[in-house]
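Taking it in order: structure first as structure tokens, then the write-up.
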Amino acid sequence: MKPQRDPEGAELVHFLSACTVTRAKVLEIGCGNGVFTRQYAGLPALLVGIDPNAAELREARQQQPDLPPKAHFTRAIAEAQPFSQGVFDVVLFASSF
Amino acid sequence: MHALQEARRVLAPAGTLIDLRPICVDAPLEILTPQGSHSAGLVDMSPDIADDIAADNTFKEAVAAGSLKQVKLEEFDFAYYWETVDGMKADFEDRWKDDAILPAGVLRKARRLFKAHGLDARVRLRIRMRLSAYRQA
């Protein structure tokens, strides 16, 4: 049984108070099934979630119709990211460091 | 390449790096009812402590080297809710077994409290989270 995760929204409130994601390019490392990603997906200009777990990413992508087209999920590990240098304004280690 | 080095590589100059993760301190497990919360005891969150300390040290080294500047540090509560104790136990066995230890006595007490409070009861685990924000130098 999957739990209800942070229904109070504490994680989102603290994250948004710590950085500017609106119209920014954001990378979320360790996005898992995208449960947190979806909470702020409407704000950035570009949002990429990466995770090494294929099953979690599959679940994230199944929810993709709920996400804006500027949000993407990619299978990758934190130690070897398929992105150019300096492209993100915000990089989030989401319980993944 | 280390994860932090790689994160810094893709981060823009003056960009913000956020490290958001649970702290390895015991987490209260509670049975919630319309009348209030009832403590079942503490869940041991220490299995990840070596990784946690290593991660802390990696960030400290980056700050000491001048690669990152810490701009924010805060802690807050973060809760998971389950509809039943059995559901919580199954979830622990499925996804949390490397991260937390649910002591047998705490599980027993949770079951007893849950049974006593019936259909209105829910299970809550309150984890302490830490958010650290850094500015890329």
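The values are calculated or read from the model by the stated rules, or taken from the named source; none is laboratory data. It should be emphasised that the depicted structure is a prediction, and the values quoted were computed from it without experimental measurement. Here the Cβ is made from the backbone with ideal geometry for all residues, glycine too, and neighbour counts use every protein chain on show. Heavy atoms of the whole protein, side chains included, go into the accessibility calculation; ligands, DNA and RNA do not. Shrake-Rupley method; radii C 1.70, N 1.55, O 1.52, S 1.80 Å.
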Self-check item: Candidate set from the stretch B:76-95 (those that are at the interface with chain A (Cβ under 7 Å from one of its Cβ atoms) and among the aromatic types (Phe, Trp, Tyr)); member that is farthest from residue B:106 (Cα to Cα)
Solution: B:76
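Does the stretch A:6-65 hold any residues that are hydroxyl-bearing (Ser, Thr, Tyr) and part of a loop (DSSP other than H, G, I, E, B), and which are they? Full working, then the answer.
Here is the first cut: in the stretch A:6-65, the ones hydroxyl-bearing (Ser, Thr, Tyr) are A:17, A:20, A:22, A:37, A:40.
Listed by number, the residues that qualify are A:20, A:22.
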Quiz item: Looking at (1) open to solvent by 80 Å² or more (accessible area, probe 1.4 Å); (2) at pLDDT below 95, which is the one condition that is false for residue B:73?
Solution: (2)
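Inspect the stretch A:52-59 for any residue being more than 25 Å from residue B:90 (Cβ to Cβ) and in contact with a strand residue (DSSP E or B) (Cβ under 6 Å, 6 or more places away or on another chain) and give the result as yes or no.
Just the residues of the stretch A:52-59 that are more than 25 Å from residue B:90 (Cβ to Cβ), to begin with: none.
Looking for residues that are more than 25 Å from residue B:90 (Cβ to Cβ) and in contact with a strand residue (DSSP E or B) (Cβ under 6 Å, 6 or more places away or on another chain), one finds none in the stretch A:52-59, hence no.
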Exercise. Within the stretch A:83-97, work out how many residues are at pLDDT below 95 and part of a loop (DSSP other than H, G, I, E, B).
Key: 3
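Taking the stretch A:9-25 as the region of interest, how many residues are more than 23 Å from residue B:75 (Cβ to Cβ) and of a type in the set (Val, Ile, Thr)?
1
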Quiz prompt | Inter-residue pairs, beta-carbon under 8 Å, first in contact (Cβ under 8 Å) with a residue 12 or more places away in the chain and under 16 Å from residue A:58 (Cα atoms) and in the stretch A:69-87, second open to solvent by 60 Å² or more (accessible area, probe 1.4 Å) and not charged (D, E, K, R), 6+ apart | solution = A:74/A:82; A:75/A:52; A:76/A:52; A:76/A:82; A:77/A:52
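For the stretch B:16-56, how many residues are of a type in the set (Ser, Thr, Tyr) and under 30 Å from residue B:2 (Cβ atoms)? Spell out how you get there, then give the answer.
Looking only at the stretch B:16-56, we keep the residues that are of a type in the set (Ser, Thr, Tyr), and these are B:16, B:33, B:37, B:39, B:46.
Cutting the leftovers down to under 30 Å from residue B:2 (Cβ atoms) gives us B:16, B:46.
Final tally of qualifying residues: 2.
Quick check on this structure: which one of B:111, B:9, B:95 is open to solvent by 30 Å² or more (accessible area, probe 1.4 Å), within 29 Å of residue A:7 (Cα to Cα), at pLDDT 90 or above and part of a helix (DSSP H, G or I)?
B:111
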Quiz item: On the given criteria, is residue B:18 more than 10 Å from chain A (Cβ to nearest Cβ), modelled with pLDDT of 95 or more, in contact with a Ser or Thr (Cβ under 8 Å, 6 or more places away or on another chain) and open to solvent by less than 20 Å² (accessible area, probe 1.4 Å)?
Solution: no
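Does residue B:78 meet the test of being open to solvent by less than 20 Å² (accessible area, probe 1.4 Å) and either among the polar types (S, T, N, Q) or outside any helix (DSSP H, G or I) (or both)?
yes
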Quiz item: Do we have any residue at all in the stretch A:10-20 that's modelled with pLDDT under 95 and open to solvent by 10 Å² or more (accessible area, probe 1.4 Å)?
Solution: no
Exercise. Could you tell me whether residue B:55 is farther than 26 Å from residue B:33 by Cβ, free of Cβ contacts under 8 Å to residues at least 60 places away in the same chain and either within 13 Å of chain A (Cβ to nearest Cβ) or surrounded by 14 or more Cβ atoms within 10 Å (Cβ to Cβ) (or both)?
Key: yes
